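All of the numbers you see were taken from the coordinates with simple rules; none came from a lab. Since we're looking at a predicted model, the values are computed, not measured. Cβ: placed from backbone, ideal geometry, glycine included. Neighbour counts: every protein chain shown.
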Amino acid sequence: MKRFLSIICIFLAVSTTKAQEPLSMSDAIQLCLKNNFDILIESKNIEAAQMNNKWSEAGMFPTFTFNLSNNYGINDNTDNPFTFQPGVSSNIGLTPSINMEWNLFSGLSVIRNKQRLVRLENQTRGNSLLVIENTIFNLIRAYYQAVLNQMKVGLMEDVLAFSREKSEYYKEKSKIGIANSIDVLQFESQMYTDSMNLAILRLNYRNAIRNMNMIMGVKIDSMYTLTDSLSKNLPEVGYQELSELMYSSNQNLKNQYINLELQQTNTKLQGSMLYPSLSFSASAAPNFGWFRSQSVDSALYTQSINYQFGFNLRYTIFNNWKNKRAFKVGKIQEEIAQLRIEDMELELDNNLRSQLDSYRQRKKLESLSFLNAEYSQKVWELGKEQFDRGVITSIDLTTLRNSYLNSLVNYFDNLYNLVDSYTELYKITGGIVRAVEEKREIDPTTK
């Protein structure tokens, strides 16, 4: 039993030519938050949303523009007897100007626009947290999938060592003619079968590590010694407790609330179009001119400044009820957003109940499979003793060995399924996002 428990709690290192660094689940999550490309992209989206969430973007302040125009004209009055300016003359003008436009009132559209920008930033943050949640959830699964394969590799290495030992032992006995040829062939065949199974399990382990590396955004061929195990000491949880956490912390649901607030703001923005708008404009435009007649050697220089300012009141009397329709459509979109929230709440509640039932069922399966593996371990140990005493044949021992191997593999799978089910509950109740936000509060440098 000590040997059995050591297989569960301490996983044997997979044979590899590269140096392996220890990697805990916490370390893997930190690497993922730092290097995962989807998370890095979302951080850029948040940065862009923060830059847009300004009063200047909402239209609070006036806008100033600078214009510069130039004109050149030639007047030919050679054949015009009625002109006071006979001959050919040219006129050059240069007019710079500064213009200001300021929207003073347009149905509170500036305030609505600012509220909309706030909602858009919140929406971007919510989407970012959802990406982080899904990414870390996939990482947790990939990590424990690698741990599961590492456990199976350790088990198969232990079984292969026994098969190799017995094969060598009976080969030596066969050389001196005191071993049954069936035993020799049986253990040798078993050794080759175990070697093939071990090669497949090692390949599965490497693939699981590669999948985990891809999620963490590190080099694909990096190898580690995984330090976290599949824990069977998971807590008992109740529906009421999980339900309260889900409704308050589930990120998908929180994003739907943000979408509803954004739609409400858009509706108010459409409603501002029903009110008149008042704007103020001002400009200053100096004019510099040079007038020259072909009959006169010198040119005349002119200069003037034109100042303009005024208010503009604009009200749409009739545009085929376009603004009213947009406002009513916005109200309908609000109702749709509310229905989506109710639909998601119902779906989440159904998923929570299903996952909770699955978690409880898997907890029972894990407990039963543990007992089964425990008894298979005892039978296997007794079988080896009886085989050494000649009570059972090598074929009988192989049957016991296969039963022992299958029971442990079944237990490992049930243990992984139990942890996976608990991770599902942890995600649906917002536990992953809460852990990330708590980490950011402790370490502000965390993205």
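Results, tabulated for the structure shown:
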item: The chain: angle of helix 37-52 to the longest principal axis, Cα-based, in degrees nearest 10; result: 30
item: Global geometry of segment 204-257, whether rounded, prolate or oblate, following the gyration tensor of its Cα atoms and the 1.5 cut on a/c; result: oblate
item: ³J(HN,Hα), Karplus 6.51/-1.76/1.60, whole Hz, each residue of segment 246-251, x for Gly, Pro; result: 5, 5, 9, 10, 4, 5
item: Cα point-scatterer Debye curve for the chain, base-10 log of I(q)/I(0) at q = 0.11 Å⁻¹; result: -1.01
item: Integer Hz, Karplus 6.51/-1.76/1.60 couplings in order for segment 361-375, x for Gly and Pro; result: 5, 5, 5, 5, 4, 5, 5, 5, 5, 5, 5, 4, 5, 5, 6
item: Of Lys232/Lys378; Lys254/Lys427; Lys152/Lys219, pairs whose Cα-Cα distance is over 18 Å; result: Lys232/Lys378; Lys152/Lys219
item: Residue of Gln240, Gln123, Gln355 that the Gaussian network model of the chain assigns the largest fluctuation, springs spanning Cα pairs under 10 Å; result: Gln240
item: Value at 222 nm in deg cm²/dmol, rounded to 500, when DSSP H runs of n ≥ 4 in the chain each add -39,500 (n - 2.57); result: -23000 deg cm²/dmol
item: Angle in degrees between helix 25-35 and the longest Cα principal axis of the chain, rounded to the nearest 10; result: 30
item: Inter-part distance where segment 224-272 and segment 395-424 are each reduced to a Cα centre, Å; result: 34
item: Approximate spin-label separation Ser189-Ile46, in nm, with each point projected 7 Å along Cα-to-Cβ; result: 6.1
item: Angle in degrees between helix 109-175 and the longest Cα principal axis of the chain, rounded to the nearest 10; result: 20
item: Taking the convex hull of Cα positions in segment 99-141, its mean projected area over all directions (nm²); result: 4.4
